[in-house]
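The values are calculated or read from the model by the stated rules, or taken from the named source; none is laboratory data. Bear in mind the structure is a predicted one, so any value in this text is a computation, not a measurement. Cβ atoms come from the backbone with ideal geometry, glycine included; neighbour counts cover every protein chain shown.
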Amino acid sequence: MQLQNKTALITGASSGIGKETALLFAKEGALVVLTARNIDKLKEVENEIKNNNGKAESYSMDITDRNQVYTVISQVIKDNGRIDILVNSAGIVKWSSIEDTSYEDFDEQVKFNLTGSFNTIKETAPIMIKQKSGNIVNIITSTVKKTKSGRVAYAASKYGQAGLSNAVHEDLKDKGISVVAVYPSKTNTPIHDPYMSKDDPQREKMLKPEKVAEVVLEAALIPTEKDVKELVVNP
């Protein structure tokens, strides 16, 4: 129960890495605040946690909508008094080359993957500064470490998110707040469903989201004095 009496807010908690992180954090004793756009899927995760004697609450929250982010985080503080951990897991992807990437697709991925993370950190950081403690974990991607072709908008948005994480790490490390970027290799989550079937043999070679969740937990437990900026997850 490494997260006993902790409140953890997780974005993208309805599926994939976010969901598995929520389930693991709940097993470790945290009150898990589940956020995503699909409230029905969140409720399924919430019920799974509660059926296993965990603590969870769900909020429909679009991380690109700053009013929603402000409203949800304000409500969490009103109800629970604090946020000890923020996990930015929400992300979208539309893989395409520079020739095929539309302006709309580029803007959408930057808005969601980069600006969305900024929005949640912007609202959560003052709370953690006031507490003089907190852990922020930003789930990036191995694409940032080795970019392949056909990743223009996704890579640009994720490089931006990595830069954001590194900069916020420097801003907050002397204020009692740890900020760690987690870089998983390709992970078997629903984000790949538009590009390959669920029984594609290639998916068996991918990381399991449960494995990534274990590293996210490790990142969320790193004390600020360790000054750790990133963890890389390979198969």
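Of everything in segment 156-173, what is more than 15 Å from Lys122 (Cβ to Cβ), aliphatic (A, V, I, L, M) and buried (at least 19 other Cβ atoms within 10 Å of the Cβ)? Give them in sequence order.
Within segment 156-173, just Ala162 meets the criteria.
State which residue is nearest to Ala162 (Cα to Cα) when the search covers only segment 183-224 and only residues that are of a type in the set (Gly, Ala, Ser) and touching a Ser or Thr at 6+ places or on another chain (Cβ under 7 Å).
Here the residue is Ser185.
Can you tell me which of Asp107, Asp62, Asp100 is touching a helix residue (DSSP H, G or I) at 6+ places or on another chain (Cβ under 6 Å), modelled with pLDDT of 95 or more and of a type outside the set (Val, Ile, Thr)?
Asp62
Kindly indicate the residue of segment 69-115 that is aliphatic (A, V, I, L, M) and in a loop (DSSP other than H, G, I, E, B) and also nearest to Ala26 (Cα to Cα) among those meeting that condition.
Taking the candidates together, the pick is Ile83.
Can you name the number of the only condition in (1) surrounded by fewer than 13 Cβ atoms within 10 Å (Cβ to Cβ); (2) in contact with an Asp or Glu (Cβ under 9 Å, 6 or more places away or on another chain); (3) not charged (D, E, K, R) that Val216 fails?
The one condition Val216 does not meet is (1).
Would you be able to tell me the number of residues in segment 115-158 that are of a type in the set (Ser, Thr, Tyr) and either at pLDDT below 95 or closer than 14 Å to Val93 by Cβ (or both)?
7
Looking at this structure, is Ile222 touching a residue at least 60 places away in the same chain (Cβ under 8 Å), crowded, with 16+ Cβ neighbours inside 10 Å and closer than 16 Å to Asn113 by Cα?
So Ile222 does not fit the description; no.
Assess whether Gly176 counts as being surrounded by fewer than 19 Cβ atoms within 10 Å (Cβ to Cβ) and more than 19 Å from Ile222 (Cβ to Cβ).
No, not satisfied.
Which strands (runs of 3 or more DSSP E) does segment 119-235 wholly contain that include 2 or more residues that are over 21 Å from Leu3 (Cα atoms)?
Ranges flagged: 177-184, 230-233.
Starting from segment 1-30, take each residue that is surrounded by fewer than 24 Cβ atoms within 10 Å (Cβ to Cβ) and list its partners that are in a helix (DSSP H, G or I) and among the basic types (Lys, Arg), counting only C-beta distances under 7 angstrom and pairs at least six apart or across chains.
Note: pairs meeting the criteria are Ser15/Lys41.
Give me the pairs, please: first residue somewhere in segment 81-104 and over 30 Å from Ile222 (Cβ atoms) and among the charged types (D, E, K, R), second residue anywhere and surrounded by fewer than 19 Cβ atoms within 10 Å (Cβ to Cβ) and at pLDDT 95 or above, beta-carbon distance under 6 Å, and either six or more positions apart or on two chains.
Filtered contacts from segment 81-104: Lys94/Asp105.
Working only within segment 31-55, note down all residues that are surrounded by 16 or more Cβ atoms within 10 Å (Cβ to Cβ) and assigned to a loop (DSSP other than H, G, I, E, B).
Result: Arg37, Gly54.
Working only within segment 8-30, note down all residues that are part of a helix (DSSP H, G or I) and either of a type outside the set (Phe, Trp, Tyr) or in contact with a His (Cβ under 6 Å, 6 or more places away or on another chain) (or both).
Gly16, Ile17, Gly18, Lys19, Glu20, Thr21, Ala22, Leu23, Leu24, Ala26, Lys27
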